[in-house]
Amino acid sequence: MNNKRRKELRRAIEIIETALDIVNQVKDKEEDSMYNYPENLHGTELYESMEIAVDAMDDAISNIDDGISSLNEAVSLLEDIV
């Protein structure tokens, strides 16, 4: 991989990390909202939807982290041989 492509991958990683930060912020706000929800409403459809959304964002965060790690690995491996 030449320098230009490595630079493009590093830029992509930065963009993905920014997106990850946004997802984390939204998830944290949704979690706070969920935890501050009145206890007598915890079994409602809205509360359950909030739980599912938070779980989905947790999964997305994990997958994004894995993707960032894979991209960093690709850049590192190719730096070592070029």
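A 1.4 Å probe run over the protein chains yields, for the chain, 72 Å² of accessible area per residue, whole-number rounding. Model label sites at Asp28 and Ile15, defined 7 Å from Cα along the beta-carbon direction, differ in position by 2.5 nm. Given their separation in residues at 0.36 nm each and the Cα-Cα distance between them, Ser49 and Ile61 gain 2.5 nm when the chain is fully extended. Against the chain, whose longest principal axis is taken from its Cα atoms, helix 3-35 shows a tilt of about 10°. If R0 equals 35 Å, the separation of the Cβ atoms of Asn40 and Asn2 corresponds to a calculated FRET efficiency of about 0.05.
Relative to the longest principal axis of the Cα atoms of the chain, helix 45-81 runs at roughly 10 degrees.
Quick check: at a probe of 1.4 Å, how many percent of the accessible area of the chain sits on carbon and sulfur atoms? The partial results should precede the final answer.
Working: 3030 of 5940 Å².
Result for the chain: 51 percent of the exposed heavy-atom area is carbon or sulfur.
Our helix-only sum for the chain, with -39,500 (n - 2.57) per DSSP H run of n ≥ 4 divided by its residues, gives a mean residue ellipticity at 222 nm of -31000 deg cm²/dmol.
The values are calculated or read from the model by the stated rules, or taken from the named source; none is laboratory data. For clarity, every value in this text was computed on a predicted model and none was experimentally measured. Cβ: placed from backbone, ideal geometry, glycine included. Neighbour counts: every protein chain shown. With ligands, DNA and RNA removed, areas are computed over all heavy atoms of the protein, side chains included. Shrake-Rupley method; radii C 1.70, N 1.55, O 1.52, S 1.80 Å.
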